[in-house]
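Below you'll find the structure, written out as structure tokens, and then a few comments.
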Amino acid sequence: ICRLERIDARTFPSLYRADLHNEIDQNIKIDWLYLKAENEAQPIWESAQVFVAEQLYAQGQFSHYVVLVGTHNVEYAITILQAYTDQRHTRTSSIHQTSWSHFKQHYHQHESLFNECIMNGTLVWQRDQRVYPYIPASFINTQKFIPFEETSATFFTPVILLRERQKIRVIHGLERVKLSSEDQAYPYLLLDRSDGYTWQLIRQVISRLPQPISVHDLYQALENSMPVESS
């Protein structure tokens, strides 16, 4: 059972804030929204689709998630989430879709929610092509193994990460990481060792670029260094 509180009858006649009375400790803030049918006494969760909207502060730091339940219509969900969050102090960066049966297993922990519902969820909307998903800070080994000078960063600047078996290491991003020790998550671009991005290749690419190196120059150079597969 959850408690529903109407948000704004004039602007959002069927939209409610949901309080799940959850006793489980969460390490991530979630605002729950529910689109309620007129004759519905309690939300029907089990068959629901869930829309997860990443929220950023104006300067680009990750804030929290807004979760919308109560519609299967993607366009309607996007419209509602944008209208709701536009009135808040954060803005929506991207929206992913998943099922409640899947989401309910993972939303208590930021790391699990990200892994299962963002990284492996269905992206249905993003603000623009230069928007990056935000990875939990706890996932990242911020020690930089290849030292070089980076260009300055803003909170919107993504970090370049290399996934190597179970570890995720920073290739480019110390300037971004040191902007704040309070960040819960960082925007990122992910490379995978299994795709051929070896340390030797990365070193070679870095050695050919003039320093300081920007994140986009390095990422482009790394992509260009990979052999093109013939179709």
Identify, by number, the condition in (1) farther than 28 Å from Gln166 by Cα; (2) buried (at least 18 other Cβ atoms within 10 Å of the Cβ) that Pro136 doesn't meet. (1)
Select from the range 166-200 the residues that are surrounded by fewer than 15 Cβ atoms within 10 Å (Cβ to Cβ) and either within 19 Å of the chain's Cα centre (by Cα) or in a strand (DSSP E or B) (or both) and list them in ascending order. Lys167, Ser180, Ser181, Glu182, Asp192
Residue list for the range 74-119, filter: within 17 Å of Tyr134 (Cα to Cα) and among the polar types (S, T, N, Q): Thr90, Thr92, Ser93, Ser94, Gln97, Gln109, Ser112, Asn115
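Within the range 78-87, identify whether any single residue is among the acidic types (Asp, Glu), farther than 28 Å from Arg203 by Cα and in contact with a strand residue (DSSP E or B) (Cβ under 6 Å, 6 or more places away or on another chain), and answer yes or no.
First, the residues of the range 78-87 that are among the acidic types (Asp, Glu): 86.
Imposing the further condition that a residue be farther than 28 Å from Arg203 by Cα reduces the set to 86.
Now restrict to residues that are in contact with a strand residue (DSSP E or B) (Cβ under 6 Å, 6 or more places away or on another chain): none.
Checked the range 78-87: no residue is among the acidic types (Asp, Glu), farther than 28 Å from Arg203 by Cα and in contact with a strand residue (DSSP E or B) (Cβ under 6 Å, 6 or more places away or on another chain).
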Considering the range 106-120 alone, what residues qualify as being crowded, with 21+ Cβ neighbours inside 10 Å and more than 20 Å from Arg91 (Cα to Cα)? Tyr107
Taking only the range 58-94 into account, find how many residues are more than 18 Å from Leu35 (Cα to Cα) and β-branched (Val, Ile, Thr). 2
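Whether any residue in the range 147-165 is under 22 Å from Leu4 (Cα atoms), touching a strand residue (DSSP E or B) at 6+ places or on another chain (Cβ under 8 Å) and in a loop (DSSP other than H, G, I, E, B) is what I want to check.
Residues of the range 147-165 under 22 Å from Leu4 (Cα atoms): none.
Among the residues of the range 147-165, not one is under 22 Å from Leu4 (Cα atoms), touching a strand residue (DSSP E or B) at 6+ places or on another chain (Cβ under 8 Å) and in a loop (DSSP other than H, G, I, E, B), which makes the answer no.
Of everything in the range 83-105 that's crowded, with 18+ Cβ neighbours inside 10 Å and small (Gly, Ala, Ser), which residue is nearest to Gln61 (Cα to Cα)?
So, considering only residues that are crowded, with 18+ Cβ neighbours inside 10 Å and small (Gly, Ala, Ser), the one nearest to Gln61 (Cα to Cα) is Ser93.
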Thr142, sole failed condition from (1) out of contact with any helix residue (DSSP H, G or I) (no Cβ under 6 Å at 6 or more places or on another chain); (2) polar (S, T, N, Q); (3) not assigned by TED's automatic domain parsing to the domain that holds Ile44: (1)
If I filter the range 139-165 down to residues being under 22 Å from Lys29 (Cβ atoms) and among the aromatic types (Phe, Trp, Tyr), which single residue comes out as surrounded by the fewest Cβ atoms within 10 Å (Cβ to Cβ)? Phe156
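The values are calculated or read from the model by the stated rules, or taken from the named source; none is laboratory data. No experiment lies behind these values; they were computed from the predicted model shown. Cβ atoms come from the backbone with ideal geometry, glycine included; neighbour counts cover every protein chain shown.
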